[in-house]
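The values are calculated or read from the model by the stated rules, or taken from the named source; none is laboratory data. Given the structure is predicted, the values throughout are model-derived calculations rather than measurements. Note that each Cβ is placed from the backbone with ideal geometry, even for glycine, and that neighbours are counted across all protein chains shown.
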Amino acid sequence: MIPRIETAEVLSFRLKVPPQELERLPAELGAELGLCLEPDDGELLLCREEADSYLRFRPIGAEAMLTEIFLCNDERGVFFHRVLGALMVRHGGDLRIRLSWNTPERNSHGDYAEVRISRGATTYPGLADGLPAVPPAGEGGAQVAVQGDESLEGAAPSLEKEVEEVLSRARAHWEEYLRLKSARERKD
């Protein structure tokens, strides 16, 4: 079964980005994700063609403020990881959201997984540490990645290599844990 975010409950969010960042996303990810930016009643709608998820931004001066998040039927969580999560991380945003996945093992809190991003920092899998974020004006940035291993299709080779290295280190730590646990059980 292909993992999919079926629904999302947005609890809180804060994000401001330069409008040119929004304008360049369709050029960077448009062919791969079918991402487009459309004007909508004085606001900007960042969405995937033929998909249910979107982000709505209101241009205010030299920035665009996120005003609405809608996530639904997001296959592999690609829109969440590659668009919303990446923007939150890069621009030091805040997000608290509950994702309901169609695969129970991804729902860490019963029937949902809670994601918290604070000033661009998070521990949520797929947005884990590794790549620098663009710091918000006047502040230092957190060190976090913008993609997980499930959304690497078409990723830049250097990012793919870095994620593979992180996964390799994680596997080594897991094997060490299992070895130590086994040794401890033999002692008891």
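Points worth noting:
- Members of the range 50-75 that are closer than 17 Å to VAL115 by Cβ, surrounded by fewer than 18 Cβ atoms within 10 Å (Cβ to Cβ) and at pLDDT below 90: CYS72
- LEU44 passes every criterion in (1) under 25 Å from ALA170 (Cβ atoms); (2) in contact with a Leu (Cβ under 7 Å, 6 or more places away or on another chain); (3) hydrophobic (A, V, I, L, M, F, W, C); (4) modelled with pLDDT of 85 or more apart from (1).
- Qualifying positions in the range 54-69 - in contact with a Phe, Trp or Tyr (Cβ under 8 Å, 6 or more places away or on another chain) and in contact (Cβ under 8 Å) with a residue 40 or more places away in the chain: ALA64, MET65, LEU66, ILE69
- For the range 11-43, a residue qualifies if it is part of a strand (DSSP E or B) and exposed (fewer than 14 other Cβ atoms within 10 Å of the Cβ), and the qualifying residues are LEU11, SER12, GLU38, PRO39, ASP40.
One line per residue, one yes/no per condition, for (1) touching a Gly at 6+ places or on another chain (Cβ under 9 Å); (2) touching a residue at least 12 places away in the same chain (Cβ under 8 Å); (3) closer than 24 Å to ALA121 by Cβ:
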| residue | (1), (2), (3) |
| --- | --- |
| MET1 | no, yes, no |
| SER12 | no, yes, yes |
| PRO18 | no, yes, yes |
| LEU25 | no, yes, yes |
| LEU29 | yes, yes, yes |
| GLU32 | yes, yes, no |
| GLU38 | no, no, no |
| ASP41 | no, no, no |
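- Yes/no for GLU6 being farther than 21 Å from SER118 by Cα, in a strand (DSSP E or B) and of a type in the set (Asp, Glu): yes
- Hits in the range 118-137 - residues which are modelled with pLDDT of 70 or more and over 18 Å from LYS16 (Cα atoms): THR123, TYR124, PRO125, GLY126, LEU127
- Filtering the range 10-43 to residues that are in contact with a Lys or Arg (Cβ under 9 Å, 6 or more places away or on another chain) and among the polar types (S, T, N, Q) leaves only SER12.
- In the range 24-53, residue farthest from LEU84 (Cα to Cα) [restricted to those that are in contact with a helix residue (DSSP H, G or I) (Cβ under 8 Å, 6 or more places away or on another chain) and of a type in the set (Gly, Ala, Ser)]: ALA51
- Odd one out for SER158 among (1) surrounded by fewer than 10 Cβ atoms within 10 Å (Cβ to Cβ); (2) modelled with pLDDT of 80 or more; (3) outside any loop (DSSP other than H, G, I, E, B): (2)
- Taken together, the residues in the range 82-118 that are crowded, with 20+ Cβ neighbours inside 10 Å and of a type in the set (Lys, Arg) amount to 2.
Residue-wise test of (1) more than 23 Å from GLU32 (Cβ to Cβ); (2) assigned to a helix (DSSP H, G or I); (3) not basic (Lys, Arg).
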| residue | (1), (2), (3) |
| --- | --- |
| GLU50 | no, no, yes |
| MET65 | yes, no, yes |
| VAL83 | no, yes, yes |
| LEU87 | no, yes, yes |
| LEU99 | no, no, yes |
